[in-house]
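Written out below as structure tokens is the structure these notes cover.
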Amino acid sequence: MAAHKCNIIMLAFVLCGLTYVFVRADIEDTNHVKDAESGAVDIAPKTNIGASLQSTKTEDQTQAAEEERQWEAETNPADAPSDNKADHVHDTMQHLASRPAPYAKDQTQEAAEEERQWEATEVKEADHVPDTMQTPDVPPPTPAKDQFQEELVIRPLHSGDIYASFQFRTMWDTDFLRGSKVSHYRLFPKSLGQVISKFSVRELHISFTQGYWRTMQWGQPFLPSPPGAELWVWFQDTVTDVDDAWKELTNVLSGIFCASLNFIDSTNTVQPSASFKPLGLGNVTDQRFLRYAVLPREIVCTENLTPWKKLLPCGSKAGLAVLMKSEKLFHSSFHSQALHFRPVCQDWKCKSTVWELRQTLNVVFDLHTSGQGKREWSLFKMFSRTLTEACPLASSSKVYVDVTDNPQGELFELSPTTPLLSQAVVLGDRRTYSVYDLTNQATFGQTRSLNMLLRWRAAESGDMLRPLLHGERYVAGYGLQTGEIHTLMYNNHPYRAFPVLLLDTVPWYLRLYIHTLTVSSKGRDNKPSYIHYQPSKDRLRPHLLEMLVQLPPNSVTEVTVQFERALLKWTEYTPDPNHGFYVGSSVISALVPSVVAMDTNSTRECPLFSSFFPCKEESSYFMRVYTEPLLVNLPTPDFSMPYNVICLTCTVVAVGYGSLYNLLTRTFQVEEPSPGLAKRLANIIRRLRGVPLL
């Protein structure tokens, strides 16, 4: 027992000794590291040669160990800082391996002093170098493969309203269709990039619009869109089953934008043969890879705007997106948000292509909805916010104000003024804009805030505009059996005729009589030069009608076709069937003559060489016009009859069957009639006397 206690005491002493040794070694190592750090910072250290040698060794060992761990942890050679850094680590490891033995004291001390002086000189020079230049081993940054631009265009309209158009463009030089997936996203939204890569999308165009664009009052928009939701996609020619890819894509986009795009199916999807050509680069002419659908009854609200803003690099936290306040945007006469994805040229030589993602938001603020009698607008009145900075990730951030109709300031007054002016041919007309560059801090002034103010001076003009190309559509007829669709196309050019391509998509429950199709201009028949008609199939696909029509100058061309209303099943009616059924807008595509080319005033002073032939880019421009959607009533049964039938049936069941069931399940018992009052009194007396009862 005593020997056992001695062994325990000896083991305790050994453990205490080992603990003391380890703690002392740790303290010495910490002191050595601190001495090494102080030796690297001091310019002229006053230490002895032994301490200098020890601190230098500790510093070299620590730095070499850290660099060795970093070198082993890096798996991708492309992610290494530079070749010079790798060589430096390799040389350091060789230097540690070939370090002289301790007995060579003089040579080691001299080498340590030289290395110490070299380190001190490097630190002294680094004190005078800016922070951005203190990493000489880092390679110079490569040019970015993606860039982001943002713009806001404000145009005062003749009606006194304000038209604001936001443009956000993200360009990325990458390949979504290569074998290896794109994993690093900087400016391009990852959620959209994965969808494009998975479904092999070449072009994607989607828009959500609330309201109808009044062309006769506001003119032409920069990017037109129909009321409701519109989606058209060009797939790559490597897609084998386009219909399945289209169905999955609509469901995914429905989740991304919180919209009802999952209601897009074969009954409202068409495959145009001539309309909706690719807007980007490429020679894709096979219409099998094109799909087009429209939901005219889609309601646009805040839940559609929020995911749209999250696709921006800066979101709604900085730049022009801070102006997108939902309660202000939706309290307007017109609101449209869109997203366009397509391949474009990288430079003017077009030797390589890049992918362009353009997000647009167009809104028209009504003068009378503000509740103020003053005819003036400002950024704060329109959006309840002002601009304080540009998006830090944007290479360009500008605000344009259209001052074409206000050359001398007689129409409205713009403040603050800017000396920057820009001219551009927009929709065939040469326009002048005042430019505010948000990347220049001088634009914000001393208040560090930009709040542009437009104050009208002239009276409101009630005259209607006459755009060169305009379209209308309505339903005629009476009753709920037959009807007639009328499409009007206006060519207001005084002396030039031009062809237009008309696309009509009609649901299957409106059965068209294609033999009744008529096209007339100025009271005479106008035979189309091209007609493509695809008949519908009940509950499978809609009607598709495309035709190329020549519009005479200064004329109205009318296209009419008769139809018959079908009777739906009671499960196919909407919850509010008496409201009616929507039919999508007609699409009119044309190359319209430019307004600049229309100028025939020979008395205006201009160079002779510029007045004979118009410029090629200004002679005509592409325009797409959407008509109003149609609201058609179908034969609707009286959906109150099921309620009446249910009530009557329940009454019959309760009265008839309830009585029968009561008779069948009730138990009957025979009861003797109760005796009279005299007999009961007699029985009481007889009971008291002990006589038998009666």
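The values are calculated or read from the model by the stated rules, or taken from the named source; none is laboratory data. Here the structure is a predicted model, which means the values were calculated and not measured. For neighbour counting, all protein chains shown are included, and Cβ atoms are generated from backbone atoms with ideal geometry for every residue, glycine included. The protein model used for the area step is the full one, side chains on, heavy atoms only, and it has no ligands, DNA or RNA in it. Shrake-Rupley method; radii C 1.70, N 1.55, O 1.52, S 1.80 Å.
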Residue tally, condition of a type outside the set (S, T, Y) and either assigned to a loop (DSSP other than H, G, I, E, B) or not assigned by TED's automatic domain parsing to the domain that holds S396 (or both), over the range 315-371: 17
Qualifying positions in the range 530-581 - closer than 29 Å to T636 by Cα, touching a residue at least 40 places away in the same chain (Cβ under 8 Å) and part of a strand (DSSP E or B): Q534, R541, L544, L545, V559, T560, V561, Q562, F563, E564, R565, F581
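Results for (1) open to solvent by less than 40 Å² (accessible area, probe 1.4 Å); (2) β-branched (V, I, T); (3) at pLDDT 95 or above, shown as yes or no for each residue.
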residue: I514; (1), (2), (3): no, yes, no
residue: S521; (1), (2), (3): yes, no, no
residue: D525; (1), (2), (3): no, no, no
residue: D538; (1), (2), (3): no, no, no
residue: L544; (1), (2), (3): yes, no, yes
residue: N554; (1), (2), (3): no, no, no
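For every residue, the table says whether it meets (1) open to solvent by 10 Å² or more (accessible area, probe 1.4 Å); (2) at pLDDT below 90; (3) closer than 19 Å to L438 by Cα.
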site	(1), (2), (3)
N362	no, no, no
T369	yes, yes, no
K374	yes, yes, no
R385	yes, yes, yes
C391	no, no, yes
V399	no, no, yes
L414	yes, yes, yes
Answer residue from the range 312-358, given it is without any contact (Cβ under 8 Å) to a residue 40 or more places away in the chain and more than 17 Å from K381 (Cβ to Cβ) and is nearest to the chain's Cα centre (by Cα) among those: G315
Every pair of residues 6+ apart whose Cβ atoms lie under 6 Å, when the first sits in the range 673-685 and is part of a helix (DSSP H, G or I) while the second is modelled with pLDDT of 75 or more: N683/L693
Qualifying positions in the range 330-349 - at pLDDT 90 or above and of a type in the set (A, V, I, L, M): A338, L339
V233 β-branched (V, I, T) and at pLDDT 90 or above: yes
Test: residue in the range 288-302 that is polar (S, T, N, Q), in contact (Cβ under 8 Å) with a residue 40 or more places away in the chain and either in a loop (DSSP other than H, G, I, E, B) or over 29 Å from V242 (Cβ atoms) (or both): no
Residue within the range 569-585 that is surrounded by 18 or more Cβ atoms within 10 Å (Cβ to Cβ), of a type in the set (F, W, Y) and within 27 Å of E230 (Cα to Cα) present: yes
Any hit, the range 648-660, residues being in a helix (DSSP H, G or I), within 30 Å of H579 (Cα to Cα) and either without any contact (Cβ under 8 Å) to a residue 40 or more places away in the chain or in contact with a Phe, Trp or Tyr (Cβ under 6 Å, 6 or more places away or on another chain) (or both): yes
Flag for G282 being more than 30 Å from E389 (Cα to Cα), at pLDDT below 95 and part of a helix (DSSP H, G or I): no
Close pairs from the range 193-204: first under 21 Å from Q287 (Cα atoms) and outside the structural domain of D243 (by TED's automatic domain parsing), partner of a type outside the set (D, E, K, R) and surrounded by fewer than 20 Cβ atoms within 10 Å (Cβ to Cβ), Cβ under 6 Å, at least 6 apart: none
